[in-house]
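Chemist: I'd like to ask some things about the structure below.
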Amino acid sequence: MSRGITRNIYLLGFLSLFNDLTSDMITPLLPVFLVSMGLGAGFLGVMEGLANSLSHMVVLFSGWLADRGADNKKLTVRGYWLAAISRLFIAIPHPAVVLLARLSDRVGKGIRTAPRDNLMTHSAEPAFWGKAFGVQRAMDHTGALIAPLLAAWLLSTYHLKLSWLFLIACIPALISVLVIPPYLKPVVTKDNLLTEKFVWKTMPKALRRYVLIIFLSALSTPSELFLILKMQNMGLSEYKVPLAWFVLTLFTLVASYLGGLLSDRFSRRRIIALGWLIFTVAFVAFAFNQDLRWAWFWLAIYGIHLGILEASERVYAIMTVPAGNRATALGWYYFAYGVGLFPASFLFGILWNTVSVRFAFLFNAGLTLIIIPLLFVLPSSSGVTKPEHANVE
């Protein structure tokens, strides 16, 4: 095993890997599936906005439970089960069914996220948190990397209908939730039960500021599916849509491990600022680019931004609080992100349809650029965090 990374981290990574193998055979093809039903950017914006915001808001509740004695392992596994079952219904080509299935899938994601991340913090030493999150995200993206290649091969070789492809895609996630959980070790700690309330007024000032900034950043972060939709409008073939997702995932995968290592060595607010700056560059490029060949390059740049952010954004939240409040802190982080995601995708879809595609991308790039300086009202965090205390310097 890699230094500082325990068996639990790898098992959680494999759960993520097989879950994303299923999810990312389906997700990049959702715009194509919606178009086949006569739907477009407006419905996509509403669906993804609702789904992603609901997912992140559920994390607050599951994080609250995880810090109050609920079994982190059971919550994690149940979240994966709900997502695995829900995706079966996405294969039914009816707008209402697809919408409800997508929402249920994302609720499953919300249920599992904070308990899983809490399990990870108790399964690795604080000095290796960034590395642990980087490994888990790298394994997650490995599944997401294989998925679009497999989907593209199935589509080009067997000319499957999307409904059949979606059903086949559900197999890896269903198998993983049957096989892996028995080997996952529940983590029992003295700080599982909170003795005091952990509400907005009692949260550390650093966490409150951070949560507000994350909310603002989410307002400028519409679904990645809009990038795929733009490429479709530029002439991207249906069977190449999964390949576009492959490129996005490949560069996210590479950057996620690097981002985890950087997170353990440098100030996390600077790493977050770097990620948001790369986002701004990518969105400006998508606003003006009309060449499909260059779109592949800028999609890769967008993937790098995602990977750079993943470890630092989550680890910063847990470093602001004592050990017994970690899952709740993560819940607040995801909640803030979720509250901002619905208006982000919804507004992006409206601007896309009523003003112009270019304006939609530029508006979000400008909003992110304005938010970046706010990170420097936060205390810098670096080095080792003691598990029993918050350590934000």
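The values are calculated or read from the model by the stated rules, or taken from the named source; none is laboratory data. Predicted model, so just to flag it, every value in this text is computed and none were measured. With ideal geometry, Cβ positions are generated from the backbone for all residues, glycine too; neighbour counts draw on all protein chains shown. For accessibility, only protein heavy atoms count, side chains too; no ligands or nucleic acids. Shrake-Rupley method; radii C 1.70, N 1.55, O 1.52, S 1.80 Å.
Chemist: Could you grab the relative contact order for the chain? Cα pairs under 8 Å, six or more apart, rounded to a whole percent.
Modeler: Value for the chain: 28 percent.
Chemist: Output wanted: per-residue J couplings in Hz (rounded whole) for the stretch 222-234, from phi through Karplus 6.51 cos²θ - 1.76 cosθ + 1.60, θ = phi - 60°, x for Gly and Pro.
Modeler: x, 4, 4, 5, 5, 5, 5, 4, 4, 5, 4, 5, 8
Chemist: Something else about it: Please compute, for the alpha-carbon atoms of the stretch 128-175, the extent along each of the three principal axes and give them in descending order in Å.
Modeler: Here the spans come out as 45, 21, 12 Å, largest first.
Chemist: Roughly what percent of Cα-Cα pairs across the stretch 27-178 reach past 29 Å?
Modeler: In whole percent, the share of Cα-Cα pairs in the stretch 27-178 beyond 29 Å is 23.
Chemist: Using Cα springs under 10 Å in a Gaussian network model of the chain, which residue among L362, L216, L178 shows the largest mean-square fluctuation?
Modeler: Looking only at L362, L216, L178, the largest GNM fluctuation is found for L178.
Chemist: Counting only the heavy atoms of the protein chains, how much of F89 is accessible to a 1.4 Å probe, in Å² to the nearest 10?
Modeler: 100 Å²
Chemist: Right, another one. Based on the alpha-carbon gyration tensor of the stretch 242-393, what equivalent-ellipsoid semi-axes (square roots of 5 times the eigenvalues) come out, in whole Å, largest first?
Modeler: Listed largest to smallest, the semi-axes of the stretch 242-393 are 30, 18, 14 Å.
Chemist: Further, regarding this structure: Between the helical axis of 7-26 and the dominant principal axis of the chain, each derived from Cα atoms, what acute angle in degrees is found, rounded to the nearest 10?
Modeler: That works out to roughly 20 degrees.
Chemist: Rounded to a whole number of µm²/s, how large is the Stokes-Einstein D of the stretch 48-98 at 25 °C and 0.890 mPa s, given Rh as the Kirkwood radius over C-alpha pairs?
Modeler: Estimated diffusion coefficient is 196 µm²/s.
Chemist: A follow-up question, please. Hey, quick one: spin label on L261, modelled 7 Å out along Cα-Cβ, who in the stretch 120-145 has an amide N within reach, i.e. under 18 Å?
Modeler: Within reach of a label on L261: 127-142.
Chemist: A further question follows. Set the Förster distance to 25 Å, then compute FRET efficiency between H94 and Y158 from the Cβ-Cβ distance, nearest 0.05.
Modeler: The computed FRET efficiency comes out at 0.55.
Chemist: Now, a different point. What angle do you read, to the nearest 10 degrees and between 0 and 90, between the alpha-carbon axis of helix 292-319 and the longest principal axis of the chain?
Modeler: Rounded to the nearest ten degrees, it is 20.
Chemist: Taking the 0 to 90 degree range and rounding to the nearest ten, how far is the long axis of helix 95-121 tilted relative to the main principal axis of the chain, both from C-alpha atoms?
Modeler: Roughly 30 degrees between the two axes.
Chemist: Let me ask you something else. With a 10 Å cut-off between alpha carbons and a GNM built on the chain, which of V339, V284, V135 moves the most?
Modeler: V284
Chemist: If you average the C-alpha positions of the stretch 98-120 and of the stretch 210-266 separately, how far apart do those two centres end up, in angstrom?
Modeler: The distance from the Cα centre of the stretch 98-120 to that of the stretch 210-266 comes to 19 Å.
Chemist: Report, in listed order, any pair from K73/K109; K74/K201; K109/K201; K185/K205 with a Cα-Cα distance greater than 22 Å.
Modeler: K74/K201; K109/K201; K185/K205
Chemist: Please build a GNM for the chain, connecting alpha carbons under 10 Å apart, and tell me which residue among T368, T328, T354 fluctuates the most.
Modeler: Its mean-square fluctuation being the largest, the pick is T354.
Chemist: Counting other Cβ atoms within 10 Å of each Cβ, which trypsin sites (Lys or Arg not before Pro) in the stretch 243-283 have at most 15 and sit in a DSSP loop?
Modeler: R265
Chemist: May I pose another question? With only alpha-carbon atoms in the gyration tensor, what are the semi-axes of the equivalent ellipsoid for the stretch 1-84, in Å, largest first?
Modeler: Here the semi-axes work out to 31, 19, 10 Å.
Chemist: Obtain the nm distance between the two label points defined at L374 and A70 by a simple spin-label model: each point lies 7 Å from its Cα along the Cα-to-C-beta direction.
Modeler: 2.8 nm
Chemist: Over all distinct alpha-carbon pairs, what is the Kirkwood Rh of the stretch 286-361 in angstrom?
Modeler: Mean inverse Cα-Cα distance, inverted, gives 15.1 Å.
Chemist: Oh, and also: Rounded to two decimals, what ratio of Rg to Rh does the chain give with C-alpha atoms and a Kirkwood Rh?
Modeler: Over the Cα atoms of the chain, Rg/Rh equals 0.95.
Chemist: Step through the residues of the stretch 348-363 one at a time and calculate ³J(HN,Hα) from phi using the Karplus curve (6.51 cos²θ - 1.76 cosθ + 1.60, θ = phi - 60°), rounding each to whole Hz and writing x for Gly and Pro.
Modeler: Coupling constants for the stretch 348-363: 4, x, 5, 4, 4, 7, 9, 10, 5, 4, 4, 4, 4, 5, 5, 4 Hz.
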